[in-house]
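To start, the structure itself, in structure tokens.
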Amino acid sequence: MTKAKKSPISSIKLPDGKVRLAIIHALLKDSKSCHWGLEMKMLNKLLKEHNDPEFWFFFAKRYKFVTLIHLMPQFDIIFATHLEYIKQKSLTLPEATEVVLQKEKIGEDVVLPPKQKTLADFIK
């Protein structure tokens, strides 16, 4: 008899409990008055789709929800934000080049007259 194969979703390692609580706190407007069991269940479903906790903190900077149930039908928002997150994460900036300034001045300094700050300066 052969063993049943695990689905790829069940083999994904989900973040630990403290990280999940931090994600819920970040996503909800008022995390003190929420139903924690329901929120944890919805978060587990969302984490099966997008497992990276950094993405959820990135997502929480843009959107806040009363409950995570409101997030379930809005997978297009999650998908668009995930694409933006991937672009930002894969962005590579060129290394800064060191600018060498000359020690000697070129040209003459320009001396500007002082500005008239008060009415008495203007009348003089």
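The values are calculated or read from the model by the stated rules, or taken from the named source; none is laboratory data. All figures in this text were calculated on a predicted structure; none of them were measured in a lab. Cβ coordinates were reconstructed from backbone atoms using ideal geometry, including for glycine residues, and neighbour counts include every protein chain displayed.
One table, with the values for the structure above:
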read-out: Selected residue (only one of LEU43, LEU83, LEU71 is loosely packed, with under 13 Cβ neighbours inside 10 Å and under 20 Å from the mean Cα position of the chain (by Cα)); value: LEU83
read-out: Matching residues in segment 67-81 - criterion: being more than 17 Å from LYS45 (Cα to Cα) and aliphatic (A, V, I, L, M); value: ALA80
read-out: Residue within segment 86-103 that is surrounded by 10 or more Cβ atoms within 10 Å (Cβ to Cβ) and not hydroxyl-bearing (Ser, Thr, Tyr) present; value: yes
read-out: Segment 46-56, residues that are in a helix (DSSP H, G or I) and surrounded by 15 or more Cβ atoms within 10 Å (Cβ to Cβ); value: LEU46, LEU47, PRO53, PHE55, TRP56
read-out: Count of residues meeting criterion [small (Gly, Ala, Ser), modelled with pLDDT of 80 or more and not in a loop (DSSP other than H, G, I, E, B)] in segment 76-124; value: 1
read-out: Residues of segment 58-75 classified as in a helix (DSSP H, G or I) and under 18 Å from LYS32 (Cα atoms), total; value: 4
read-out: Residue pairs meeting the criteria (Cβ under 7 Å; at least 6 apart or on separate chains; first more than 17 Å from LYS48 (Cα to Cα), in segment 70-91; second assigned to a helix (DSSP H, G or I)); value: TYR85/PHE55; TYR85/PHE58
